[in-house]
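Peer 1: Pasting a structure here, questions to come.
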Amino acid sequence: RRGIDLDWVLYSGYDNMVDAFVKGEIDLAWNGPLSYVKIKRLAADGVRVIAMRDADINFTTHFITHADSGIDTMEDLKDRSFAFGRRSSVQAGLLAFSFLKDSGINPSKDLSANSFYDDRQSDTKSDECDVVERVASGEFDAGAVSQRVMETMAEDGTLPRDAVRIFWSSPGYSHCCFTSQNDLDPELAAEIESAFLSVTDEDPIGKAVLEGEACRSFVPGTDIGWEMIEKAAEAEGLI
């Protein structure tokens, strides 16, 4: 529609895409938060965040607990059980683990039990929905879930409002983004950004795109909000 010619490549995993981007084999990439901070560290000439979904600005992780658990602070988690999302999840895995450590809770020593979704047998396809279900049932005393998933569950009626409550919320951070090579022609970069920002739900195709991405709009990219992810990834030896 905007007259921008492109070829697209589908990678089997983010690490393969990161490697291709750093080698200069691709000009533009759709990054998860961890792959973005990896690219940012590895790209010799720097990178540019072209655009993001509105939902990826001020992304938030919540720690939830059963309604009558008696857990009100991080300190109350000592000797209690905690459910994480997937190990590969930034919001419910990496950052959740980091937030606990920053608060003085050593997940390996201070919790009575903890597990990642990868280690649990579950019929629930969503790792974060699995966390909500297990905390609501009392199997775990607390767990990590993103604001986005809680909103989605509330909208579709699957959030057990009377069974779980939020007792801690993280500061906002940035999540997924479209990243370009820093030496991409400025005019082309501006055209690509404009193309994303022009997507609206007033157009049938635009509406389908936004619904598919579970967002209301695309917004200009930002270099702010990645610091917590970088710190956590560095602490775990991921970058």
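The values are calculated or read from the model by the stated rules, or taken from the named source; none is laboratory data. Just so it is clear, the structure is predicted and the values come from calculations on it, not from any experiment. Here the Cβ positions follow ideal geometry from the backbone for every residue, glycine too, while neighbour counts run over all protein chains shown.
Peer 1: From the list GLU75, GLU25, pick out the single residue that is among the charged types (D, E, K, R), without any contact (Cβ under 8 Å) to a residue 60 or more places away in the chain, closer than 29 Å to ARG134 by Cβ and not in a strand (DSSP E or B). Give the steps one after another, and end with the answer.
Peer 2: Details: GLU25 fails: closer than 29 Å to ARG134 by Cβ.
Of the residues listed, the single one that is among the charged types (D, E, K, R), without any contact (Cβ under 8 Å) to a residue 60 or more places away in the chain, closer than 29 Å to ARG134 by Cβ and not in a strand (DSSP E or B) is GLU75.
Peer 1: Here's a follow-up. For the range 16-43, name all the residues that are small (Gly, Ala, Ser) and farther than 20 Å from THR222 by Cβ.
Peer 2: Quick first cut of the range 16-43, residues small (Gly, Ala, Ser) only: 20, 24, 29, 32, 35, 43.
Hits for the range 16-43 are ALA20, GLY24.
Peer 1: Of the residues ASP19, ASP56, ASP45, which single one is among the charged types (D, E, K, R), within 20 Å of the chain's Cα centre (by Cα) and either more than 14 Å from ASP141 (Cα to Cα) or surrounded by 20 or more Cβ atoms within 10 Å (Cβ to Cβ) (or both)? Walk me through how you get there before you give the answer.
Peer 2: On the way: ASP19 fails: within 20 Å of the chain's Cα centre (by Cα); ASP45 fails: within 20 Å of the chain's Cα centre (by Cα).
Selected residue: ASP56, the only one of ASP19, ASP56, ASP45 that is among the charged types (D, E, K, R), within 20 Å of the chain's Cα centre (by Cα) and either more than 14 Å from ASP141 (Cα to Cα) or surrounded by 20 or more Cβ atoms within 10 Å (Cβ to Cβ) (or both).
Peer 1: What is the one condition in (1) of a type outside the set (Val, Ile, Thr); (2) at negative phi; (3) in contact (Cβ under 8 Å) with a residue 40 or more places away in the chain; (4) exposed (fewer than 15 other Cβ atoms within 10 Å of the Cβ) that ARG80 does not satisfy?
Peer 2: Among (1) of a type outside the set (Val, Ile, Thr); (2) at negative phi; (3) in contact (Cβ under 8 Å) with a residue 40 or more places away in the chain; (4) exposed (fewer than 15 other Cβ atoms within 10 Å of the Cβ), ARG80 violates only (4).
Residue by residue, here is whether (1) within 29 Å of GLU227 (Cβ to Cβ); (2) in contact with a Lys or Arg (Cβ under 9 Å, 6 or more places away or on another chain); (3) not assigned by TED's automatic domain parsing to the domain that holds ARG86 holds:
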position: GLN121; (1), (2), (3): no, no, no
position: SER126; (1), (2), (3): yes, no, no
position: ARG134; (1), (2), (3): no, yes, no
position: SER137; (1), (2), (3): no, no, no
position: GLY143; (1), (2), (3): yes, yes, no
position: VAL149; (1), (2), (3): yes, no, no
position: ASP156; (1), (2), (3): no, no, no
position: LEU159; (1), (2), (3): no, no, no
position: ARG165; (1), (2), (3): yes, no, no
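Peer 1: Check off (1) surrounded by 23 or more Cβ atoms within 10 Å (Cβ to Cβ); (2) of a type outside the set (S, T, N, Q); (3) not in a helix (DSSP H, G or I) for ALA96 and give me the number that stays unchecked.
Peer 2: The failed condition is (3).
Peer 1: Same structure, new question: So which residues in the range 145-193 are hydroxyl-bearing (Ser, Thr, Tyr) and at pLDDT 95 or above?
Peer 2: Of all residues in the range 145-193, those hydroxyl-bearing (Ser, Thr, Tyr) come to 146, 152, 158, 169-170, 173-174, 179-180.
Those that are hydroxyl-bearing (Ser, Thr, Tyr) and at pLDDT 95 or above: SER146, SER169, SER170, TYR173, SER174, THR179, SER180.
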